[in-house]
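Here is the structure we will look at.
What follows draws every value from the coordinates through simple rules; no lab data is involved. The structure displayed is predicted, hence computed values, not measured ones. Note that each Cβ is placed from the backbone with ideal geometry, even for glycine, and that neighbours are counted across all protein chains shown.
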């Protein structure tokens with residue numbers, strides 16, 4: 001009800017008021033980040049009744065679980081928090097829509113990621129910023145970090161090395177490796193697209209899509225969307241030099257470096273279109289933009305050339321490629337962005353907390369595309385009868401989606417034979433719900449008791 005009221009209120013705002021609202025989160029962030037001096041901290045989860053308990057948690061008592069793990073390495077998941085801990089690893093070379101800002105400047109984003117992991121999924125995320133751009137150094141570092149973590153979330157690593165890093169680590173690592181900019185973005189985008197296409201009465205196999213941007217996110221989006229049934233020959237990929245296709249000799253000459261890009265040159269754009277964004281958008285049903293921060297990257301006059309009942313996903317952060325109200329005025333029926341302060345947030349945050357919750361709970365060895373499909377379907381199905389042009393996805397305050405997503409992912413992992421623990425759907429769901437409730441309630445309790453100080457602004 002509150003969400004509906006907020007949407008109705010927003011619809012009555014002027015453009016200037018909408019712009020002011022869009023700028024407020026950044027202004028608030030500059031007050032609150034130095035106020036709290038970070039968003040996460042380490043807290044105890046065991047009892048300390050008195051100082052005698054130190055003999056249990058540290059020396060000499062701790063030697064007993066150490067010896068138990070030495071005898072059976074899998075016992076590390078029983079004696080330590082490895083079972084619930086994910087490393088959030090970045091070199092800061094592709095942060096949000098900000099680009100290569102370095103590991104120090106990227107740290108606030110990784111802390112935010114850890115916050116969402118904990119509050120939405122009950123997962124303990126640990127930000128790890130690497131002062132190197134060398135892909136092999138990143139790979140080796142992650143491999144050396146494995147003993148202390150149940151999984152790794154790669155984040156904000158530039159293209160094309162991010163593909164090489166992920167592929168290599170998925171092959172060599174003994175724990176699940178996830179690149180959220182690829183797999184997370186793609187999962188949530190697919191979920192939103194499933195419902196958007198349903199809403200306008202079209203079929204996934206018949207739609208045409210213009211993918212604006214050809215970085216890690218959109219390459220991964222195209223892979224999942226094509227895997228779900230969209231026809232790549234009817235679709236177009238656009239990078240900084242124009243539409244991809246067999247005519248792109250610049251990519252062909254570097255096809256060993258840009259493996260995925262060259263593959264897309266050969267399977268998309270069957271009609272051989274050339275040009276740039278406006279040429280790619282003509283007559284298409286859907287635009288999925290994951291390019292550079294806007295506004296002004298997508299123009300209203302280009303949207304007006306799209307097919308009837310057009311769908312526009314303008315998902316660059318922190319500012320979408322076009323403001324939602326501009327896209328609507330130009331004829332788009334469904335508009336989504338990556339922001340939480342507009343309807344239809346297509347954001348990784350709806351994916352990674354629940355996906356990793358399910359992955360960790362059945363101790364899956366990796367995270368497959370099929371597990372991403374399961375998560376996307378859970379997200380899309382959860383909307384149910386409330387599906388509308390301004391509600392194609394659940395919102396982050398719909399807590400129930402995360403344990404349901406976890407359960408769907410866990411079931412698929414077991415079906416694929418990559419889970420070390422066998423659990424029923426209900427068992428995963430109830431366990432995930434319990435863990436997530438604890439995390440949310442603990443935060444609320446600390447706020448009520450004043451251990452988290454009240455924010456100085458509203």
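Couple of notes before you dig in:
- Kirkwood-Stokes translational diffusion coefficient of the stretch 184-337, alpha-carbon pairs, 20 °C, 1.002 mPa s, µm²/s: 142
- Cα centroid separation, the stretch 321-383 to the stretch 424-458 (Å): 22
- For the stretch 340-458, the percent of C-alpha pairs falling in each 5 Å distance bin, counted from 0 to the bin holding the largest distance, reads 2, 12, 19, 19, 16, 14, 9, 6, 2, 1, 0.
- Debye intensity ratio in log₁₀ form over the Cα atoms of the stretch 45-198, taken at each q of 0.10, 0.17, 0.19 Å⁻¹: -0.45, -1.03, -1.17
- Beta bridges per DSSP, both residues in the chain: antiparallel share near 15 percent.
- Order by protection proxy (mean Cβ within 10 Å, highest first), peptides 99-106, 429-436: 429-436, 99-106
- Between the stretch 241-261 and the stretch 181-220, the Cα center-to-center distance that results, in Å: 22
- q = 0.08, 0.11, 0.12 Å⁻¹: log10 I(q)/I(0) that the Debye formula gives for the chain, counting C-alpha atoms only: -0.47, -0.90, -1.08
- Order of 405, 415 - criterion: other Cβ atoms within 10 Å of each residue's Cβ, fewest first: 415, 405
- Sum of -39500 (n - 2.57) over DSSP H runs of 4+, divided by residues of the chain (222 nm, nearest 500): -14000 deg cm²/dmol
- Antiparallel bridges, percent of DSSP beta bridges restricted to the stretch 254-403 (to nearest 5): 10
- For the peptides 253-260, 196-203, 45-52, 279-286, the ranking by mean Cβ contacts within 10 Å, running from highest to lowest, is 279-286, 196-203, 253-260, 45-52.
- Footprinting exposure proxy ranking of 66, 221, fewest other C-beta atoms within 10 angstrom first, gives 66, 221.
- As a length-normalised measure over Cα pairs under 8 Å and 6 or more apart, the relative contact order of the chain settles at 14 percent.
- Among 162, 315, a tally of other beta-carbon atoms within 10 Å of each Cβ gives an order, fewest to most, of 162, 315.
- Expressed to the nearest 5 percent, the antiparallel share of DSSP beta bridges inside the stretch 184-337 is 10 percent.
- Ranked by the mean number of other Cβ atoms within 10 Å of their residues, highest first, the peptides 239-247, 360-368 come out as 360-368, 239-247.
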